[in-house]
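Here's the structure we're looking at; comments come further down.
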Amino acid sequence: MHIVIIGNSIAADCLIEELGRHTSGPALDVTVIGDEPHRAYNRVLLSQVLSGDVSDSSIALRTPNWQSNHRIRYRQGLRVEEIDRAAQQVALDNGEQLHYDRLVLATGARASLPKGVDPTLHGVRVFRTLDDAHTLINTPKGSHTIVFGGGLLGLEAAAGLLSLGVRVTLVHRNAWLLNRQLDRAAGRLLLANLQRRGLLVELGSTVSAVEGDRHVRAVRLDSGRCLSATQIVFATGITPRAELALAAGLPVNRGVMVDDHLQSPDPCVFALGECAECSGETVGLVSPIRDQAKVLARTLLGQSGDPYTHRAHAAQLKVAGIDVFSAGDVNHEGEQTMVFDDPLTPARRKLVLENGRLKAIMLFGDVRDGPWFNTLMQKGINTRALSDRLLFGKAYCEGIAA
Ligand SMILES: Cc1cc2nc3c(=O)[nH]c(=O)nc-3n(C[C@H](O)[C@H](O)[C@H](O)COP(=O)(O)OP(=O)(O)OC[C@H]3O[C@@H](n4cnc5c(N)ncnc54)[C@H](O)[C@@H]3O)c2cc1C
């Protein structure tokens, strides 16, 4: 059985690892086609590449030795242009046609730009690929960049640029930064920390127009303010790359629609990762992709197993000196909400519970207990007996099974 995977990144890598777990190497006949010119790399670590904390070579997902020891063909720097489902073939941009028995779409997502922004204007950037990271690294010191989007990606881009000596203004449409991961009070702590580092922040604003002929000159905000800048970085969301599937007549909503075994209505075509919409949900983090890869490997090998189920996954901010751990909807007031503030550190933690079970976790400043709380949440452990101590973390709750 020849499996062709389109996209050579985290989803493809997780799937190959899972396939390898269930079969011996030579039994696998897999071709992975990726249009980026580099060997597959860990996209998650691009923020550390930007801040100069890690090198390009240290973020490779597989070493060349690993590649040659496995009978998996990596075709890098090639784009799949078309899927012919009737002939079970894909057409590559070098004119080759490849036959498949099973086809997996792992084409990920692209950064979205707000409507009306011209992507060809010099100085309009996104932060998605290794090439994007290199472009940002070359930003002249002392120049002014505006980053749109105060989510995890925008903050990591802004902090990375600041560390390179660039002047940065972060514009966020919500009333506080990381509004999906933090509550308003923790958002204030985060803001104060970033402002101390020299970050300029505009909250409750968004782009209204980008000014400049061939090169960005200024940005007009919907508040009416006009900020001059030579570069703007959009970290305002992603769009699943589903155009190949759409052209091949597969159902596409936000992403390529697949069932809870990651299968499309075509029994030979599957999708996982950020390009997929599995039972109505798209993903934007690595841990659900790992869950999907486990299910899809079994599906491809005809083994039975549990279907994929969407659950709350933890997210962390990767900015040195600012610790954030968050999972679930931290701004939803549950049956019980526990909050602890330590103004000295400063730190804040918040737990949201329903029927004694954790539904959301927010840790700002001290995140050491994050994985422990997360295990309690994922396992659905009833913590009622610990309600007087739970908030203070693992050290105060010895004996609880997690
Ligand atoms: C800077 C940054 C930091 C991040 N930090 C975190 C983090 O801390 N934690 C976390 O969980 N997640 C993080 N993420 C998100 C995480 O990287 C993504 O969830 C993950 O990369 C998605 O994997 P994927 O394989 O589905 O898609 P992608 O990584 O987007 O890979 C898809 C690949 O397919 C290729 N492709 C697309 N179409 C074709 C075609 N037609 N032919 C050939 N190749 C094609 C693309 O070029 C790309 O290489 C971060 C993302 C970024 C950008």
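Computed quantities for the displayed model
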item	result
Test: residue in the stretch 195-202 that is surrounded by fewer than 19 Cβ atoms within 10 Å (Cβ to Cβ), without any contact (Cβ under 8 Å) to a residue 12 or more places away in the chain and polar (S, T, N, Q)	yes
Residue check for ARG349: over 29 Å from ASN193 (Cα atoms) and surrounded by 15 or more Cβ atoms within 10 Å (Cβ to Cβ)	no
Test: residue in the stretch 103-111 that is farther than 30 Å from ALA327 by Cβ, within 25 Å of the chain's Cα centre (by Cα) and not assigned by TED's automatic domain parsing to the domain that holds LEU203	yes
Strands (runs of 3 or more DSSP E) (entirely within the stretch 208-269) containing at least 3 residues that are closer than 30 Å to ARG167 by Cβ	218-221, 226-228, 231-234
Qualifying residue in the stretch 204-211 (condition: surrounded by 19 or more Cβ atoms within 10 Å (Cβ to Cβ), in contact (Cβ under 8 Å) with a residue 12 or more places away in the chain and hydrophobic (A, V, I, L, M, F, W, C))	yes
Search result, residues across the stretch 92-119 that are in a strand (DSSP E or B) and more than 13 Å from the ligand (Cβ to nearest atom)	GLN97, HIS99, ARG102
The stretch 379-393, subset in a helix (DSSP H, G or I) and either surrounded by fewer than 17 Cβ atoms within 10 Å (Cβ to Cβ) or β-branched (Val, Ile, Thr) (or both), residue nearest to the chain's Cα centre (by Cα)	LYS379
Any chance GLN89 is free of Cβ contacts under 8 Å to residues at least 24 places away in the same chain, more than 10 Å from the ligand (Cβ to nearest atom) and surrounded by 13 or more Cβ atoms within 10 Å (Cβ to Cβ)	yes
Qualifying residues in the stretch 120-147 (those that are in a loop (DSSP other than H, G, I, E, B) and within 16 Å of the ligand (Cβ to nearest atom)) - the one nearest to GLU211 (Cα to Cα)	THR139
Residues of the stretch 261-295 satisfying the condition of being touching a residue at least 40 places away in the same chain (Cβ under 8 Å), under 21 Å from ARG43 (Cβ atoms) and of a type in the set (D, E, K, R)	GLU274, ARG290, LYS294
Residues of the stretch 7-31 satisfying the condition of being within 16 Å of the ligand (Cβ to nearest atom), within 27 Å of ALA87 (Cα to Cα) and in contact with a Gly (Cβ under 8 Å, 6 or more places away or on another chain)	GLY7, ASN8, SER9, ALA11, ALA12
Residue pairs meeting the criteria (Cβ under 6 Å; at least 6 apart or on separate chains; first more than 15 Å from ILE10 (Cα to Cα), in the stretch 36-62; second among the small types (Gly, Ala, Ser) and in a loop (DSSP other than H, G, I, E, B))	PRO37/GLY77
Selected residue (only one of ILE16, ILE10, ILE5 is among the β-branched types (Val, Ile, Thr) and within 23 Å of LEU136 (Cβ to Cβ))	ILE10
Selection status of GLU354, assigned by TED's automatic domain parsing to the domain that holds PRO371, of a type in the set (D, E, K, R) and either within 30 Å of GLY7 (Cβ to Cβ) or exposed (fewer than 12 other Cβ atoms within 10 Å of the Cβ) (or both)	no
The lone exception for ARG125 - which of (1) in contact (Cβ under 8 Å) with a residue 24 or more places away in the chain; (2) over 20 Å from VAL49 (Cα atoms) it fails	(2)
Conditions (1) within 13 Å of the ligand (Cβ to nearest atom); (2) touching a strand residue (DSSP E or B) at 6+ places or on another chain (Cβ under 8 Å); (3) modelled with pLDDT of 95 or more; number of the one not met by HIS313	(3)
Counted residues, the stretch 159-202 - those being among the polar types (S, T, N, Q), assigned to a helix (DSSP H, G or I) and touching a strand residue (DSSP E or B) at 6+ places or on another chain (Cβ under 7 Å)	2
Members of the stretch 222-260 that are touching a residue at least 24 places away in the same chain (Cβ under 8 Å), under 21 Å from SER208 (Cβ atoms), surrounded by fewer than 20 Cβ atoms within 10 Å (Cβ to Cβ) and more than 14 Å from the ligand (Cβ to nearest atom)	LEU227, SER228, THR230
Candidates ARG384, ARG368, ARG389, ARG349 - the one that is touching a strand residue (DSSP E or B) at 6+ places or on another chain (Cβ under 8 Å) and basic (Lys, Arg)	ARG349
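The values are calculated or read from the model by the stated rules, or taken from the named source; none is laboratory data. Please read these numbers as outputs of a predicted model, since none were measured by experiment. Positions of Cβ are backbone-derived with ideal geometry, glycine not excepted, and every protein chain shown enters the neighbour counts.
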